[in-house]
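Structure, as structure tokens:
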Amino acid sequence: MVRTTTADACGNWSVVSQFARFWSLFDAVLDAGQNLLAIQAGRRTSAPHAAGHVLGLRHNDDRTSIVQRGVNLIVAVVLVGLLLPAVAAANHAAPTGLSVIGVTHNQVALNWNDYTRFAPREYRVSRYNASGSLIDIGLTGSTSSDYVWTGLSESTTYRFAVRAVAAGGHLSRLSAQATATTRAAPAPPQPLTVDLTRPPNGATAGTGAVTLEANATGAAKVEFWADGAKLSEDATAPYTATWNAAAGRHQVAAVANDGQGQDGVWDGHRVVDTHSVTVQAATPAPSPSGHPIPVLEETLPAAGLPGVVHGVFSVWDTNHTEVYPSGATNGDKHGTIRWEPGGHYSAGQKTYMLLGHRVIEGSPGRMQEGHTQPADTPYGWTPLAFPGGPPTGVAPFSVDWFKGSGRGFEVVVEPNDFPAGTGTYHFRLFTDAEMEARRGQWIWLWVEIVWGRGDDSAPRQGSLRVWVAGEDSPRINVSGIKTHWFGEGMVTFWEATYWFGGNSQRSVLEHAGPRFGRTPQEAYEDNPRLYSAWTGDSGRGSWQAKSDVDGNVPVPPSLRW
């Protein structure tokens with residue numbers, strides 16, 4: 001029989017070619033079958049078969065039985081069924097266009113072009129292991145030309161290939177490889193939590209503006225409520241709100257909302273922390289001898305002075321500070337508190353302060369500072385990092401408002417990281433927004449500080465409590481902190497408006513003369529006096545005396561005498 005073969009433009013043989021290959025194989029099998037039958041009959045035929053015979057009906061001698069011819073026919077039919085699909089499939093080109101269309105930490109999505117060389121029953125997707133062998137064979141189960149491989153490891157590179165599966169289960173050639181690297185597994189979602197940190201549960205507050213503050217995790221926003229009424233929402237930490245509190249007992253709450261919660265619905269998208277707060281009308285101190293307090297206004301122009309302290313400073317003497325040593329004219333030694341042996345505060349190493357500030361314009365930077373200076377030798381301080389080195393200044397206490405720093409109006413202990421503000425003991429009293437609302441108003445602070453490490457031997461830690469006058473509970477209440485390092489047990493107090501490296505806008509600040517004492521009553525009744533011989537601006541600002549301010553400010557209940 002004459003068999004014609006043709007090839008397409010891509011070099012793939014046509015169906016006619018496949019039948020030609022089949023018939024060649026078929027003829028060889030029939031020849032082998034005839035020889036076997038001949039041997040069984042005692043004879044072997046070597047005559048070639050007729051080229052025109054079809055389906056194995058070949059010339060045999062008279063002794064070839066009809067049964068033998070039937071066997072030949074059955075063998076031919078079986079071979080047609082088994083060999084023809086395999087020959088056809090094995091010689092078809094591989095699927096094309098295999099690509100990665102999606103990747104997660106444990107899945108890879110694949111896609112390829114529809115296969116057209118024969119109608120596939122489905123596709124077989126394979127993955128290569130490290131040695132290059134195919135593993136984890138998966139069947140798509142349909143003629144769809146895409147597949148998602150699941151259960152993979154994160155941050156791992158994989159190689160894939162695909163083959164078309166013919167109706168009889170036979171496979172096409174293997175496609176080109178596609179490579180994908182899975183992503184890192186996502187971090188588990190944070191649990192939704194909220195902690196109302198201010199005011200404390202059971203606190204007592206004065207009427208008027210009361211700040212609510214909360215910490216939260218997993219929250220898109222924090223809602224603030226008082227007595228069942230929503231006050232406001234805050235989507236940015238630190239989460240705060242201002243509550244205009246009336247006298248009485250109240251319930252205030254912070255509600256963390258993951259962004260899907262609805263008011264009044266508690267379905268896991270909102271969690272709450274509720275505190276009880278008693279609000280009382282502010283009452284004056286019992287029988288204080290309130291008296292006028294001198295006021296100094298300090299003005300600092302905007303200036304960029306890299307590496308330079310830019311400011312206006314004032315030093316004050318009072319009834320309960322010292323000039324040490326006696327008669328000194330150096331401003332570093334006026335307005336000094338000493339808790340070393342022989343000092344005014346040596347008995348308890350505790351000092352009470354009553355400080356008043358009013359921000360008129362801009363951001364004052366550092367407003368109040370207790371300072372030791374290199375000029376205090378031998379009364380200064382040498383940092384532990386440089387034992388035996390030259391004496392170096394440090395500020396064991398300060399009040400700051402560097403607007404825009406994110407720290408707000410704060411009290412700082414041991415702020416030797418000025419102006420970076422990255423040290424350990426920074427305690428915020430008001431946010432920038434709260435300070436803006438108080439611009440032009442007097443802010444009075446009651447401070448109780450226990451000085452730690454008063455000598456060169458025993459390391460002793462201190463404590464700090466700060467009240468805003470008119471409030472019954474301290475906004476800062478910490479213990480076990482380093483309120484002073486090794487040294488002579490003394491600090492000089494300054495009032496100022498200054499920056500290091502320049503400020504972007506002009507600042508105007510009024511100070512009430514600071515008051516100090518060993519008890520709250522001593523501090524309240526103290527009499528500050530400006531030490532004008534060492535008050536100045538070094539040519540970078542100006543100061544002037546202003547009218548006295550009434551020093552009769554509310555005293556917190558726990559400090560009353």
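Per-structure values
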{"quantity": "The stretch 131-285, Rg to Rh (Cα coordinates; Rh as Kirkwood inverse mean 1/r)", "calculated": "1.41"}
{"quantity": "From phi via Karplus (6.51, -1.76, 1.60), per-residue ³J(HN,Hα) for the stretch 336-350 in Hz, x at Gly/Pro", "calculated": "9, 9, 10, 10, 6, x, x, x, 4, 10, 6, 4, x, 6, 10"}
{"quantity": "Percent breakdown of C-alpha pair distances by 5 Å bin, ordered from the shortest bin, for the stretch 181-264", "calculated": "3, 14, 24, 21, 14, 9, 5, 3, 3, 2, 1, 1, 0"}
{"quantity": "Å³ per residue enclosed by the Cα convex hull of the stretch 294-333", "calculated": "101"}
{"quantity": "Given Lys333/Lys482; Lys230/Lys482; Lys221/Lys350; Lys482/Lys546; Lys221/Lys482, the pairs whose alpha carbons are separated by over 31 Å", "calculated": "Lys230/Lys482; Lys221/Lys350; Lys482/Lys546; Lys221/Lys482"}
{"quantity": "Residue among Ala220, Ala205, Ala241 farthest towards the positive dipole end of the stretch 194-280, charges placed on Cβ", "calculated": "Ala205"}
{"quantity": "Projected area, mean over directions - the stretch 99-181, Cα convex hull, nm²", "calculated": "5.1"}
{"quantity": "From phi via Karplus (6.51, -1.76, 1.60), per-residue ³J(HN,Hα) for the stretch 310-319 in Hz, x at Gly/Pro", "calculated": "10, x, 10, 10, 9, 10, 10, 9, 9, 5"}
{"quantity": "√(5λ) per eigenvalue of the Cα gyration tensor, the stretch 207-364, largest first, Å", "calculated": "45, 23, 17"}
{"quantity": "Extended-chain gain in nm, criterion 0.36 nm per residue less alpha-carbon gap, Ser326 and Lys221", "calculated": "32.0 nm"}
{"quantity": "Contour minus Cα-Cα distance for Thr274 and Phe427 (0.36 nm per residue)", "calculated": "52.7 nm"}
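No value in this document is a laboratory result; all are computed from the given coordinates. Only a predicted model underlies this, so the values are computations on that prediction, with no experimental measurement involved. Because the Cβ atoms are built from the backbone with ideal geometry, glycine has one as well, and the counts that use them run over all protein chains shown.
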